[in-house]
1. Quick check: Cα centre of the range 249-328 to Cα centre of the range 61-121, how many Å?
2. Can you list the residues, at least 5 places off or on another chain, whose amide H is less than 5 Å from the amide H of D360, using H built in the peptide plane?
3. Filter the cross-link list K170/K382; K101/K170; K352/K382 down to pairs whose alpha-carbon distance in this structure exceeds 27 Å.
4. Applying a 10 Å radius around every beta-carbon, put 273-282, 256-265, 330-339 in order of their mean neighbour count, most first.
5. So how do 429-438, 156-165, 298-307 stack up, highest first, on mean other-Cβ count within 10 Å?
6. Could you size up the charge dipole of the range 26-165 around its Cα centre, putting +1 on the beta carbon of Lys and Arg and -1 on that of Asp and Glu, and report it in debye to the nearest 20?
7. Given an 8 Å cut-off on Cα distances and at least 6 residues of separation, report the relative contact order of the range 74-189 as a percent.
8. Modelled label-to-label distance, T53 and E251, 7 Å Cα→beta-carbon offset: nm?
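Coordinate-derived values only; no laboratory data. The structure presented is a predicted model; accordingly, all values stated were derived computationally and were not measured. Glycine gets a Cβ as well: all are built from the backbone with ideal geometry, and neighbour counts include every protein chain shown.
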Amino acid sequence: LLSSHDIVAQLDYGPVLPPLPDEMPDDEEAMRIVCLVKNNQPLGATIRRDEETGEIFIARVIHGGLADRSGLLHPGDLLVEVNGNPVVGLEPEQVIQILVKSRGTILFKVIPNAAQSSSSLKPVYMRAMVDYCPLQDSSIPCPDAGMAFSRGDLLEVVDQSDGQWWQAKKLPCTVSCAGLIPSASTLKSKQREQWWCQPLQVHTCIRPFVFSSAGFRQSFRLWRRTSYRRRRQSCTSCSPNSSALSTPYEEVCLYQRLPQENHRLIVLVGASGVGVNELRKRLIKLNPSIFQGPVPHTTRPIRPGEQTGREYHFVTKELFEYMVCNHRFVEYGEYRGHLYGTSTDAVDEVVKRGRMCIVDVEPRSILTLRTGKLKPYVIFIKAPSPERLRQTRRDARIITSYSVNRAFTEEDLLEMEDLSRLIEAKYKQFFDIVLVNDDLQDACIQLCSIIQEAQDEPQWIPVSWSRNQES
Ligand SMILES: Nc1ncnc2c1ncn2[C@@H]1O[C@H](COP(=O)(O)OP(=O)(O)OP(=O)(O)O)[C@@H](O)[C@H]1O
C-alpha cells in the first residue's frame, strides 16, 4: 500500500497551476485569487457593470458550470483583475474578450461578496407552456449560457434568485450544467410585447359553437372532420398557445395515485380517422368492468330498445340548453336537428363508480377537463409515417362527413398526417405521452401498458391539482 502511495505521489498531474503573485497589495485579506483551468467548457458565469462606479461584478454563476464547481466565484463578487489586467472601468464585452483570449488557466482577483448567501436552493419543477430560443432573444445576458426549450418540456429550475433570469435543466437531465431561461415574469412581458405587435385579429372563439351537419357519433368526433379546419383558419389568436393568454410555465410535482383514490381520467386525442375511437372501443371491450366511457346526453327521441342512462341520457332541449349555459358539457354539438353532448357529470359518474373513464375528445376540450378532481392523463394518438398509413389502413373503412362508409383515399391519409402534425404542434404541452397508431394490435397493447403506468406509477401533474382537488 505504501509503495502504491509513493508511486502515485511521484506522478505529475497536469496542468500545472502558475505560482501565486509574489507581491500582494496591502488590502489583500479582502481579496480572493481564483485560478480556473480553461477547458472546452464555458466559464459558467456572467458579469455586470455598475454604471455609476464602473466596477465589474459577477452577475450569476451557472449551476454545475466550471465556476460553480470551483466553489470560488459567487454572484456579487467584485472582479478586480483577470490574468493581471485590471478590469474596473472596462465594458463587460472587453472583459469577455480578455477571457476569450486566455489560454490554459485564468487568474481572477476578486473581492468576495460579503452578503453572499450559502443557503442551497430547492429546485422547482416546471412544464414549459411556450417555446423559447435564446439565440433569438436579444435581451438575454449571455446567449451562450441560454437554454432552449419547447412546449411540454419538463424543467428543473435550480435557481430563481434573479427575478428576471432563472437557471434550469431539462429533464431527463444528461448534462450537469444548468442554462439560463427567462423567468415567468420576463416571459410574460415578452409575450405582451409580441401580442401588441400582432395585427388585430377578430376573436371568433368567443362565438358559440357552430357544428357541421356531419355524422355524429357517441364519441363526438365525426363533426370534427370539417369543423377543426374551419376553426383553425378563423381563430388562431385564441389558441391555447396564443402568446397573450398562455402561462409560460406550469409548476408541476410528482403524483403517485393511492389505491383508494379515484382513477385518473384517460383522455385520447388525435387527428380524425387516426383510430382514436377504434382504440377506445377495443379497450372497453377488452375489460368492460374496468374501462368505461361516459354516457352522452341527447335531445333526440328515445328509440325502441334504448334505455335512458344506458345508450344516452335522453333530455329535453330546454334542459340541454340549461346545461350548456352552466358549462356542464365537455363537448356538445348538433346533428340532424338534435343536440348531443358529453357532460362532466357523466365523466364523474364513471370515476365515482371506481371504473377508469376513457374519453376521446377534440384537443381544445382538454382545457375543460384539466381539473384536480379528474387529473386527466392525456394520450396523443399519432399517425405513423405515410408509408405505414398506406400499408396499415389498406382494408380500413372511413366514415366521412356525409356518413359515407368507404375506403381511405390517398388524400384522406395525407390530410390525417397533416392534421396529426398540426395538433401535436399546437397542443403538445398538454400531452402526457404520444402513442403512434401503426399496427393496431401493437397500439392496443401499448395503450394498455401506458394506462396502467398512468394509474400506478408516479407522474408529473400541475401542482395546483395536488393542492386543490376541485381546481
Ligand atoms: N392501426 C390501425 N390499422 C388499421 N386500421 C385502423 C387502425 N386504427 C384505426 N383503424 C381503422 O381506421 C378507421 C377510422 O378509425 P376511427 O373510427 O377510430 O377514427 P377516429 O380517430 O375515431 O376518427 P373519426 O372520429 O373522425 O372517425 C376505422 O375503420 C378503424 O378500424
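1. After rounding, the separation between the Cα centres reads 59 Å.
2. When sequence neighbours closer than 5 places are left aside, the close amide H contacts are L268.
3. Working: K170/K382 24 Å; K101/K170 31 Å; K352/K382 30 Å.
Beyond 27 Å between Cα atoms: K101/K170; K352/K382.
4. Values: 273-282: 21.3, 256-265: 14.3, 330-339: 18.0.
Ranking, from highest mean packing down: 273-282, 330-339, 256-265.
5. Details: 429-438: 19.1, 156-165: 16.5, 298-307: 11.6.
Averaged packing, sorted descending, gives the order 429-438, 156-165, 298-307.
6. Details: 12 positive and 20 negative charges, 126 e Å.
Magnitude of the dipole: close to 600 debye.
7. Numbers: 172 pairs, mean separation 21.6, N = 116.
Computed over the range 74-189, the figure is 19 percent.
8. 3.5
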